[in-house]
Amino acid sequence: MWRRSASFILDNRTPNDVASASRPESLALSPPLQSSAMADADANSAYYQTRAAHHGVVTSDWLAQAQAAVGRNPDDLGSVVASEAEPKPASDSGKPFSVIEEFNNWRKQPDLAEAVAAIRALASVIMSSEATTMMELEIELKKASDSLKSWDKTSISLTAGCDLFMRFVTRTTALEYEDFNSAKSRLIERAEKFGEISTKARRIIAVLSQDFIFDGCTILVHGFSRVVLEVLKTAAQSKKLFRVFCTEGRPDRTGLRLSNELAKLDVPVKLLIDSAVAYTMDEVDMVFVGADGVVESGGIINMMGTYQIALVAHSMNKPVYVAAESYKFARLYPLDQKDMAPALRPIDFGVPIPSKVEVERSARDYTPPQYLTLLFTDLGVLTPSVVSDELIQLYL
């Protein structure tokens, strides 16, 4: 087992480096097309609709925002992000508070991960609660968490984020010995702290990964991942010389989005059709992917095609690195590709599909741990075999 703590990396950085904190970015994509055979949008999971909604607006100011953030204390990053366009609880406007409405308000920020939006919404539940006892408040918080998880049962990060929030905020017994107002204030403090930790996770991962990106290397990426983009952006801002191969990411063209953002950073980037992965793998030095969820076995659930890329990389002795925030660690143990709730998405082949032809519409697949090399997380750099131990620590 090999790992390096985030504090070790951060403590050995220069003051100028420590002061730098990049801002999350907004991304470009035209709305995905839908074939005539799949005109029913309700058949698509909220998992896919969320991804499409977050990246359907063209914006180009994220790099300027990142540069403007230089000089800020990383400890203030969470509060800065939270304060901008922060939704106000519904109770402030006289309307009944709705955790789903609050969650949807946070989701309107394209730079905010779905799980972090859920964490912020749950924090608002505590602040807006009219409960008079800790038991009532915990019951109210549990109902809100269950409502969010039911909103999209296919989202792994949403479920994991809610579970971790509940465990982090309510796990101490010291609350039993305080008066209610003090206990509620403590819960609010913990909720805000958890939100800040989740917001800063992406930056910590980017810092941890820099020792593994060397000058002259070629990196293969698949799909669009905010944290992977943060990793590559940090390497580019550190004046490292590397190039990136982006898979096209059909059918929603996520690779086009990522290649567009990398081109803005003046990173040499080459766009590949998805079926050219094996053809170009001999030119690749490493594979970097994100994850929708990290499961107990140390494997990952991610965009469709990740599994086959990991298989090709493993057969050619290329390292496969995963960048994932700890709030995506889920208490799941899939045994095969079908052992998880399907997340469906529309598929457009550009031509009419006969009604008798069945189309595979799953949005993601499962990559077993034996095909992964390391996971870069805000908990440190982990081997897949260590994930189960970290999950135990998270949920203790």
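Taking packing as the residue-averaged number of other Cβ atoms within 10 angstrom, the listed peptides 114-120, 252-258, 160-166, 381-387 run from highest to lowest as 114-120, 160-166, 252-258, 381-387. Charge tally for C246 (other residues, Cβ to Cβ under 11 Å; Lys, Arg +1; Asp, Glu -1): +1. Here segment 103-244 is assigned +1 on the Cβ of each Lys and Arg and -1 on the Cβ of each Asp and Glu. Its dipole about the Cα centre then comes out at about 720 debye.
Close amide H contacts of L220 (hydrogens built in the peptide plane, cut-off under 5 Å, sequence separation of 5 or more or a different chain): F245, D285, M286, V287, F288.
When each of the peptides 367-374, 146-153 is scored by the mean number of other C-beta atoms lying within 10 Å of its residues, the order from highest to lowest reads 367-374, 146-153. The residues packed around F214, meaning those with a beta-carbon under 10 Å from its beta-carbon, carry a net charge of -2 if Lys and Arg are +1 and Asp and Glu are -1. Computing FRET efficiency as 1/(1 + (r/R0)^6) for Y279 and E189, where r is the C-beta to C-beta distance and R0 is 56 Å, gives about 0.55. Each label was represented as a point 7 Å from its Cα along the Cα-to-Cβ direction; for I100 and E358 these points are 3.2 nm apart. Loop-located chymotrypsin sites (Phe, Trp or Tyr not before Pro) in segment 179-226 (DSSP state not H, G, I, E or B) with no more than 15 neighbouring Cβ atoms inside 10 Å: F214. Placing pseudo-labels 7 Å out from each Cα toward the beta carbon at S385 and R331 gives an inter-label distance of 2.5 nm. Structural descriptor for segment 204-395: relative contact order 23 percent, calculated from alpha carbon pairs under 8 angstrom and at least 6 residues apart. Summarised as an ellipsoid, segment 204-395 has semi-axes of 25, 23, 14 Å, derived from the eigenvalues of the Cα gyration tensor scaled by 5 and square-rooted, with the largest first. Taking every protein chain into account, the accessible area of segment 158-240 amounts to 38 square angstrom per residue (probe 1.4 Å). For segment 217-331, the normalised intensity computed at q = 0.14 Å⁻¹ comes to -0.53 (log10 of I(q)/I(0), Debye sum over alpha carbons, equal scatterers, no solvent).
The values are calculated or read from the model by the stated rules, or taken from the named source; none is laboratory data. What you are looking at is a predicted structure, and each value in this text was computed from that prediction instead of being measured. As a convention, Cβ positions derive from the backbone with ideal geometry for all residues, glycine included, and neighbour counts pool all protein chains shown. For accessibility, only protein heavy atoms count, side chains too; no ligands or nucleic acids. Shrake-Rupley method; radii C 1.70, N 1.55, O 1.52, S 1.80 Å.
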